[in-house]
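Below is one structure, written out as structure tokens, with a few remarks after it.
Every number in this text was worked out from the coordinates using simple rules, so none of it is lab data. Note that the structure is predicted; figures quoted are calculated from it, not measured. Glycine gets a Cβ as well: all are built from the backbone with ideal geometry, and neighbour counts include every protein chain shown.
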């Protein structure tokens, strides 16, 4: 079966084209789009688009996240169309489609940033896509994505799941790396400094100034060390209290998970969240004004048995469910 138009698919309300029907086509057959969803060219249009950004020139330690989008898509083949945890068919109430990958320049960070911003902007304005989920790639890509989202929604609150702050100034004199996107975003005024929050931060820092600088840039920190006594409900409450009704962009660095749950990443840190904790918190995004999201730093060369890829695929599934249910 090679003709996309003839592929049996699950359909939703109003003629929505959903994922390939796994009861009629084995899961390992065909192109690996996210959750076996249609390409935008097949769907004709999309309320929510999934965009791959295979770029990792901004990493400071282990490379490999350029292969992340394809790995997450391959790992998403087992996802099913109904999410019982939140009671929604995410691909049946909104047209969700895979927009493929951005062809980024691997030798120039500046050129890559411009290309990513242009591709995201074209989807959000030229193609009429209302919400975007990006698959990275390293965390450098968050800056051009936020610029594109800001052009549509204005300053957004950022809920940033990560082991690291990513508000450092430079690495080796380079201002644009995977450790600097949220400092640049704050300096450019594209985030709402009254509503931003890091979740899952842990591990050694360069000094106490890292935290004071971070606070001045508009972020509050919910460290991984607080998770044990806060629990999932406490994390959800802290996020909701911080962001309120602001438009929200969620950025998930997969290393927010403990390496036991996500070994395939470039800068792993011990003591992270479990997959269950992260997914439970992300489900609460349905109660937020979620306008966009990314999943970054999945590095398949260090993954085995798709452990990290499967975790990232489920992160994407919960974010898409939240986008389907979320406030408008």
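Data for the structure
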| item | result |
| --- | --- |
| Conditions (1) out of contact with any strand residue (DSSP E or B) (no Cβ under 6 Å at 6 or more places or on another chain); (2) within 26 Å of residue 65 (Cα to Cα); (3) in a helix (DSSP H, G or I): number failed by residue 255 | (1) |
| Residue in segment 103-120 that is assigned to a strand (DSSP E or B), under 16 Å from residue 39 (Cβ atoms) and touching a residue at least 40 places away in the same chain (Cβ under 8 Å) present | no |
| Residue within segment 300-315 that is part of a helix (DSSP H, G or I) and closer than 26 Å to residue 191 by Cα present | yes |
| Cβ pairs under 7 Å, 6+ apart, first in segment 209-221 and at positive phi and free of Cβ contacts under 8 Å to residues at least 60 places away in the same chain, second in a helix (DSSP H, G or I) and surrounded by 18 or more Cβ atoms within 10 Å (Cβ to Cβ) | 218/186 |
| Residues satisfying the stated conditions in segment 195-208, i.e. in contact with a helix residue (DSSP H, G or I) (Cβ under 9 Å, 6 or more places away or on another chain) and either surrounded by fewer than 16 Cβ atoms within 10 Å (Cβ to Cβ) or at positive phi (or both) | 200, 203, 205 |
| Segment 120-150, subset farther than 20 Å from residue 247 by Cβ and crowded, with 23+ Cβ neighbours inside 10 Å, residue nearest to the chain's Cα centre (by Cα) | 135 |
| Residue list for segment 151-167, restricted to those being surrounded by 21 or more Cβ atoms within 10 Å (Cβ to Cβ) and within 21 Å of residue 110 (Cβ to Cβ) | 166, 167 |
| Members of segment 128-146 found to be more than 13 Å from residue 291 (Cα to Cα), touching a helix residue (DSSP H, G or I) at 6+ places or on another chain (Cβ under 8 Å) and touching a residue at least 40 places away in the same chain (Cβ under 8 Å), listed by number | 135, 136, 137, 138, 139, 140, 141, 142, 143 |
| Matching strands (runs of 3 or more DSSP E) fully within segment 4-76 where at least 1 residues are surrounded by fewer than 20 Cβ atoms within 10 Å (Cβ to Cβ) and out of contact with any helix residue (DSSP H, G or I) (no Cβ under 6 Å at 6 or more places or on another chain) | 9-11 |
